[in-house]
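**Q** First the structure, which I've put down as structure tokens, then a few questions once you've had a look.
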Amino acid sequence: MNRVSTVLCALSLSACLTSMPNAEPSTTPAPEANSSSETAKSTGSKTAKADEKPAAHKQLQRVVGYFPDWTYGRDAKCRYTVEDIDPMLFTHLNFAFARVDGGDRKAPTFKLAPFDKTDLGPTGQYARFVALKKKNPNLKVLLSVGGWTHSDPPNDWIFSTMADSADGRKQFIDSAIKYLRENGFDGLDLDWEYPSEPTRGGRAQDTTNYVKLLREVRAGFDSEKAPSGKDKLLFTVAAPSGVYIKWYDLPKIHGSLDWINLMSYDYAGAWDHRTGHNAPNPAHGPGVAASVSIYRGFGVPADKIVVGLAAYGHTFGGVTESKVGTPSTQSGPKQECTQEPGLVAYSEMLKILSSGRAKEEWDEVAHVPYAYDEKAQVFLSYDNPKSWDNKLDFIEEQGLGGAMVWEIDQDDFKHGNPLISTATKRLPKQ
């Protein structure tokens, strides 16, 4: 078993590498489409071998933030709107999400559409989001398409069907270019969760069709005659860090992309029925470094990997002791703002700690904090500025493409965004 196989098995991927489209790490260049000017400037070697040394230490290049378009509907004390975003904290902001409208399934057509009616119009969320560039002229804004719920029924057929034919892909690409330009976006972030995954509407042919889709999107963006004063459209994807990696033909996808937003979190949750860390970063074993190693081992250049940093954590209920691996009987309770069992925003976590209900501890191996509410029997796994600094050190030491934040409303935005600011201060001075 080669090194990458060992890492994948350590991540408990059900089929390890034998079920991946390419069972051996890439040792030859993946076909490269013409990348945008940003990538052309930043990327040197286009291939990486599984046994090659880490790229040279590099100062943090990017801070990419995901803005969720649904948080405006929260109660006033929890509400987060475009106006709450500090654009100076980011190099890139992704608006999450738009959707692919498939029309009639019997005779589908594929075009971009908003998820929320408040997104459109001169005072809509799109316009206000794009206007953040007036405050930060160096900011790039991208539109993220998809997300987890996009692959829930009754829409779970749309991505797979669209990608399955040249005509479907062309409809999507033509619509995307028009939609992005009309609404003032600088690029597209594709978040298909996940091609070929049967529990998410996927089919076996999705793995091959995903490669085709990415190449054709890149070709379409490159062949577009950009409007006066505008750069070529950027193209990125959100990609998994765990079991779903097995559906991705990694050596063949990175050449079409400016970078990959690696969703390096959700390594543990209440679904495991035992406590664990949401986003650990140990030197060995499952976690951020191991996930990056997989992508590097399959030929993804270091500076095309943007590591996801979580501004949230997971909670575990029915836990009898403050220890990783302790049995859990249920999700932790809903919190004031996130209102989802098993989820806690960093802003909510700070309130829990300050109330004295739980005491913060530090895992020296996983390099993350955790806390335990003995009275409620709730274990809480989350990140703080110290754990973010550890991951940011890793990003810079490995010469990776930057940091991504999911999701920006979950930081303590009313008190200076202490998590995101930890990343921003590492960026080159403008």
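**Q** Hey, among S228, S196, S291, which residue is within 17 Å of the chain's Cα centre (by Cα) and either within 30 Å of Q171 (Cα to Cα) or assigned to a helix (DSSP H, G or I) (or both)?
**A** Values: S228 fails: within 17 Å of the chain's Cα centre (by Cα); S196 fails: within 17 Å of the chain's Cα centre (by Cα).
Exactly one of S228, S196, S291 is within 17 Å of the chain's Cα centre (by Cα) and either within 30 Å of Q171 (Cα to Cα) or assigned to a helix (DSSP H, G or I) (or both), namely S291.
**Q** Would you confirm, using the coordinates I've provided, whether A371 is surrounded by 14 or more Cβ atoms within 10 Å (Cβ to Cβ), at pLDDT 95 or above, farther than 18 Å from R274 by Cα and among the small types (G, A, S)?
**A** Details: surrounded by 14 or more Cβ atoms within 10 Å (Cβ to Cβ): yes; at pLDDT 95 or above: yes; farther than 18 Å from R274 by Cα: no; among the small types (G, A, S): yes.
Judged against the criteria, A371 is not a match.
**Q** Looking at L60, L142, which is the one that is assigned to a loop (DSSP other than H, G, I, E, B) and touching an Asp or Glu at 6+ places or on another chain (Cβ under 8 Å)?
**A** Numbers: L142 fails: assigned to a loop (DSSP other than H, G, I, E, B).
On inspection, the qualifying residue turns out to be L60.
**Q** Looking only at the range 261-273, count every residue that is buried (at least 24 other Cβ atoms within 10 Å of the Cβ) and not in a loop (DSSP other than H, G, I, E, B) and tell me the total.
**A** If we filter the range 261-273 for residues that are buried (at least 24 other Cβ atoms within 10 Å of the Cβ), which is where we start, we get 261-262, 264-265, 267.
From what's left, not in a loop (DSSP other than H, G, I, E, B): 261-262.
Qualifying residue count for the region: 2.
**Q** May I ask you to list the residues in the range 86-108 that are over 16 Å from D119 (Cα atoms), surrounded by 15 or more Cβ atoms within 10 Å (Cβ to Cβ) and not acidic (D, E)?
**A** The initial filter retains those residues of the range 86-108 that are over 16 Å from D119 (Cα atoms), namely 86-92, 102-108.
Next cut, surrounded by 15 or more Cβ atoms within 10 Å (Cβ to Cβ) only: 86-87, 89-92, 102, 108.
Matches in the range 86-108: P87, L89, F90, T91, H92, G102, P108.
**Q** Here's another thing I want to ask about it. Taking the criterion of being in a loop (DSSP other than H, G, I, E, B) and under 28 Å from G325 (Cα atoms), would at least one residue in the range 409-422 satisfy it?
**A** To start, the set of residues in the range 409-422 that are in a loop (DSSP other than H, G, I, E, B) comprises 411-412, 416-417.
Checking which are under 28 Å from G325 (Cα atoms) leaves us with 411.
The answer is yes, given that some residue of the range 409-422 is in a loop (DSSP other than H, G, I, E, B) and under 28 Å from G325 (Cα atoms).
**Q** Then there's this: Please verify whether the range 375-396 includes one or more residues that are closer than 28 Å to A239 by Cα, in contact with a Leu (Cβ under 8 Å, 6 or more places away or on another chain) and of a type in the set (K, R).
**A** Scanning the range 375-396 turns up at least one residue that is closer than 28 Å to A239 by Cα, in contact with a Leu (Cβ under 8 Å, 6 or more places away or on another chain) and of a type in the set (K, R).
**Q** Restricting attention to the range 158-196, report how many residues are out of contact with any Ser or Thr (no Cβ under 8 Å at 6 or more places or on another chain) and crowded, with 17+ Cβ neighbours inside 10 Å. Steps first, please.
**A** Keep residues of the range 158-196 that are out of contact with any Ser or Thr (no Cβ under 8 Å at 6 or more places or on another chain), which gives 158, 160-167, 169-170, 172-186.
From the residues that got through so far, the ones that are crowded, with 17+ Cβ neighbours inside 10 Å too are 158, 160-164, 169, 172-173, 175-177, 179-180, 183, 185-186.
Of the residues in that region, 17 qualify.
**Q** Any residue in the range 409-417 that is modelled with pLDDT of 95 or more, polar (S, T, N, Q) and touching a strand residue (DSSP E or B) at 6+ places or on another chain (Cβ under 9 Å)? Reasoning before the result, please.
**A** Kept after step one, since they are modelled with pLDDT of 95 or more, are these residues of the range 409-417: 409-417.
After this cut, where a residue has to be polar (S, T, N, Q) as well, the list is 410, 417.
With touching a strand residue (DSSP E or B) at 6+ places or on another chain (Cβ under 9 Å) added as a condition, the list becomes 410.
Checked against the condition, which is being modelled with pLDDT of 95 or more, polar (S, T, N, Q) and touching a strand residue (DSSP E or B) at 6+ places or on another chain (Cβ under 9 Å), the range 409-417 yields at least one hit.
**Q** Just to check your reading of the model, which residue among D84, D156, D152 is touching a residue at least 60 places away in the same chain (Cβ under 8 Å) and farther than 21 Å from L180 by Cβ?
**A** Details: D156 fails: touching a residue at least 60 places away in the same chain (Cβ under 8 Å); D152 fails: touching a residue at least 60 places away in the same chain (Cβ under 8 Å).
That would be D84, the only listed residue that is touching a residue at least 60 places away in the same chain (Cβ under 8 Å) and farther than 21 Å from L180 by Cβ.
**Q** A further question on this structure: Scan (1) in a strand (DSSP E or B); (2) over 23 Å from K304 (Cα atoms) for the single condition N155 breaks and write down its number.
**A** Unmet condition: (1).
**Q** Restricting attention to the range 125-156, which residues are surrounded by fewer than 18 Cβ atoms within 10 Å (Cβ to Cβ) and in contact with a strand residue (DSSP E or B) (Cβ under 8 Å, 6 or more places away or on another chain)?
**A** Hits for the range 125-156 are K133, N155.
**Q** Something else: Name the single residue, out of those in the range 379-408 being outside any loop (DSSP other than H, G, I, E, B) and among the acidic types (D, E), that is surrounded by the most Cβ atoms within 10 Å (Cβ to Cβ). Steps first, answer last, please.
**A** Quick first cut of the range 379-408, residues outside any loop (DSSP other than H, G, I, E, B) only: 379-381, 385-397, 402-406, 408.
Subset that is among the acidic types (D, E): 389, 393, 396-397.
Numbers: D389: 14, D393: 14, E396: 17, E397: 13.
Looking at the filtered set, the residue picked out is E396.
**Q** It is to be established whether one or more residues within the range 201-211 are surrounded by 18 or more Cβ atoms within 10 Å (Cβ to Cβ) and either part of a strand (DSSP E or B) or without any contact (Cβ under 8 Å) to a residue 24 or more places away in the chain (or both). It would help to see each step written out before you state the result.
**A** Residues of the range 201-211 that are surrounded by 18 or more Cβ atoms within 10 Å (Cβ to Cβ), as a first pass: 201-202, 206-207, 209-211.
Okay, now just the ones that are also either part of a strand (DSSP E or B) or without any contact (Cβ under 8 Å) to a residue 24 or more places away in the chain (or both), so none.
Among the residues of the range 201-211, not one is surrounded by 18 or more Cβ atoms within 10 Å (Cβ to Cβ) and either part of a strand (DSSP E or B) or without any contact (Cβ under 8 Å) to a residue 24 or more places away in the chain (or both), which makes the answer no.
**Q** Oh, and also: Name every residue in the range 221-238 that is small (G, A, S), surrounded by 10 or more Cβ atoms within 10 Å (Cβ to Cβ) and either at pLDDT below 95 or farther than 24 Å from A96 by Cβ (or both), in order of residue number.
**A** Our first condition is that a residue be small (G, A, S); within the range 221-238, this holds for 223, 226, 228-229, 238.
Now drop any that are not surrounded by 10 or more Cβ atoms within 10 Å (Cβ to Cβ), which leaves 223, 226, 238.
Passing the criteria: S223, A226.
The values are calculated or read from the model by the stated rules, or taken from the named source; none is laboratory data. No experiment lies behind these values; they were computed from the predicted model shown. Note that each Cβ is placed from the backbone with ideal geometry, even for glycine, and that neighbours are counted across all protein chains shown.
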